[in-house]
Structures are given as C-alpha cells and as structure tokens.
1. Please work out the average accessible area per residue across segment 1-82, using the 1.4 Å probe convention, and give it in Å².
2. Please give, to one decimal in nm, the separation of the simple spin-label points placed at Arg242 and Glu320, each 7 Å out from Cα toward the Cβ.
3. Please compute the length gained on full extension between Val102 and Ala293, using 0.36 nm multiplied by the number of residues separating them and subtracting their Cα-Cα distance.
4. Between Asp175 and Cys94, what is 0.36 nm times their sequence separation minus the Cα-Cα distance? Round to one decimal in nm.
5. Taking just the C-alpha trace of the chain, give me its Rg and Dmax in Å.
6. Among all the aspartates and glutamates, which ones have a C-alpha under 19 Å from Lys319's C-alpha, if same-chain residues fewer than 8 places away are not counted?
7. In whole angstrom, note down how far apart the Cα centers of segment 1-25 and segment 316-368 are.
8. Along each of the three principal axes of the Cα atoms of segment 228-368, give the extent in whole Å, ordering the values from largest to smallest.
Amino acid sequence: MARRSAKLVKFNEPFDLVTDGIPSAPPGGAVLKVHFAGLCHSDVDISNGEKSHYSLPLILGHEVSGRVHSIDQSVDSSDIKVGDRVMVYAIHGCGVCSRCKVDKHTYCLNRVRKAIGFTEDGGFSDYMTVTDLSLLMRVPETVAMDTACLLPCSGLTSYNAVMSILPTVQEFVKDHGVPEDCAVVLVGVGGLGLWAVQIAREVLPDGIRIVCADRDIEKLTTAKAMGCDEVVHWDDNEAEDRLITVTTQACGRLGRAVAAIDFVNTSVTFSLVESILIWGGIHATVGVSGDTASLPLKSFTVHQHRAVGVLVGTQQQLKELLKLVADGKVKAPPITHHPLENAWHVLQDLRYGKVKGRAVLEVSKPSE
Ligand SMILES: [Zn+2]
Ligand SMILES: [Zn+2]
C-alpha cells in the first residue's frame, strides 16, 4: 500500500504530488487515514512564502478529519481506538509548562508553538502521522466528516472569539435589561464569520441583536439566511463617516455596538470598529492579516474600550462546539469538495478570494 501527498517543496510553486510508503505510528502517537483536509488562509500564507520561517519540504493541512489507521502499541489508547472517526486539534505548545498542562497550548509559557501542517507534516496526504494521541477527538456519527475537519480551526477560532466577548455582552444585558438593544457587530462574514453568526445566536444572551458587516453583498445575504438580524454593506467606495452612520443605525436604540468581532482585521476595519463601539464595549480582533492599525489612545482610554486578540480556542471549547454541531444547533458554512490533485489550484482560488464558504480536499472517501 502506498501513501499519496501534495508536498510544498518550494515557496510559490505548485505542490509536488508524491507517492511513498504508509508511515508507522510514532512513539505515543498514531497514523490517520485522512478523509478531509480544509484549505485555510494560513495555507495560502505559507505556500506563497509569507510565512517562510517554516521549513520545506512540508505537507500542509491543519484542518483534518479521518479514521485512526494505527496506534503505537506502547501507548494507552483506552480513549481512541483503531477505526475511530476523529478530528485533529493541530496546535500544541511545549506540553510541560503550567499553561500547556491545562489545555492552554496557545499561551505556552515557553513560547513554543508547534502545529500539524505548519511545523510538521499535515493532512494534504491520505495517511498522516499524529505525534500525540491527546490531539485526537472522536467525532460522533451525527457529525459529517467534512464538517468535522473544519471545527478545530475556523469553527473553534470563531467559538473562542464569541466566548471572548461573552462576559461584556452579559454585563450590558444585565445592566440594561433589554437584550434587543444590545448589538454585537460581526465584521467579515466569510468562513469564520458564518460560524460566528450561529455560535453567537446560541451562546450569547437570548434576544441579542446581531449585525453583520461585509464589503460583499452576496456574503451578507448568506449571513442573513444564517440568522443575523441586520446587515450593513461596508462598501469600499463609501466614505468612512457614512459607514459609521449606517452601522450605528443598525445597532438599534443604544446607537452603538456593545461588542464587535473583526474577522477582517485590517487598519480600515480596526478604525471602523473603534468608531462604532459603545463606552465600555469590547473589540475582538481575529485573523493574522499582517496589517498595522493605529489606535487613538485618548478615545480608547476615555471610552474605556476593551481590546482582545483571539486565536484558536482550547480543546475544552472544541468539545463544547462539537456538542452544538452534533445537536444540530450550529452548521458548517457551505463546503465544496476537491480532489487532492487540485490542492494547489484551489489554494490559488482561495488566495484571490474566489472561494465561497469553505473549500476542503476530499483526500479519501469516508467509506474507505
Ligand atoms: Zn485553518
Ligand atoms: Zn508550554
């Protein structure tokens, strides 16, 4: 039996399609038969050399679901067994510091950040090595495997973003008493934003007003269908003052947002969010855009804004999100399937904004 992989050998050059032997399970780890691997903007950044500190050759793919093919004999595998349907939590820190030990890998005290598909080979391959069984989470039969691969990255990041604004939103709702007046603005309703619309509806206080802003009208139509109350078109050709006015009007009676999550995270959206936030409101920034924003320190202080940077969440949060999905309360954004051979082509579509919803590689059929 052989393994097929799409391997990044040189930055900015199409993947090499490589065939080699199926690896054996590493000490303490497992090998997965990969079913689905999501394509993500981080993959675009790595492949075009923007994250050239990663060493090549590398098999990308950090959004992975599949079946356990083999497990290292020496490891206690009472939780995970050969044949289990699983998804992969891709990030791990040093594993020994006090933060890593309590599932806060992204806050590693030793500033170690390892990740499948970044610092070690990932899921653009039909067999993938996982060095630590604790990174695997079983997927219930009620959750489709193409949805499952997206949960540990885009789904979990959105979940973490919504959880990061939750205490502030609760505080406003408690003090004001009318949740319909308390608006949360979600900026950018691509893959992450569409998760967030539904997660916000489930997790934030009942009746809260959810407003979505995007430059793309088609995306706003999808967001509306997924449950937001108001949409505002952040047209690139419109003056900033005008965008601020229409957005604050959409926020309802308080005239400002009590919280905003910015999934676009550029200097333009950062500035807009600062302008639409209520006194004491919270501003969560998501996504590693590489842009630099300037913060008006006086109004930031005087208006008592809170700012928080959000990365992917914890494994405990992933469990909570999985439950919402298994219970049918949160659904994946529209997903398109592509063969492994087309990985590079689809990645270029993603790079140039031509992918709607999420694109995933169907590396092997879930029935295999
Ligand atoms: Zn991702
Ligand atoms: Zn650590």
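The values are calculated or read from the model by the stated rules, or taken from the named source; none is laboratory data. Since the structure is predicted, the reported quantities are computational estimates derived from the model, not experimental observations. Here the Cβ positions follow ideal geometry from the backbone for every residue, glycine too, while neighbour counts run over all protein chains shown. Quick note on the areas: whole protein, heavy atoms, side chains included, nothing else; ligands and nucleic acids left out. Shrake-Rupley method; radii C 1.70, N 1.55, O 1.52, S 1.80 Å.
1. Each residue of segment 1-82 exposes 46 Å² on average to a 1.4 Å probe.
2. The modelled label-to-label distance comes out at 4.0 nm.
3. Full-extension gain reported as 65.5 nm.
4. Full extension from Asp175 to Cys94 adds 25.0 nm.
5. Cα-based Rg and Dmax for the chain come out at 20.9, 65 Å.
6. Glu63, Asp79, Asp84, Asp103, Asp132, Glu141, Asp146, Glu202, Asp327
7. When both Cα centres are located, 21 Å separates them.
8. 59, 35, 27
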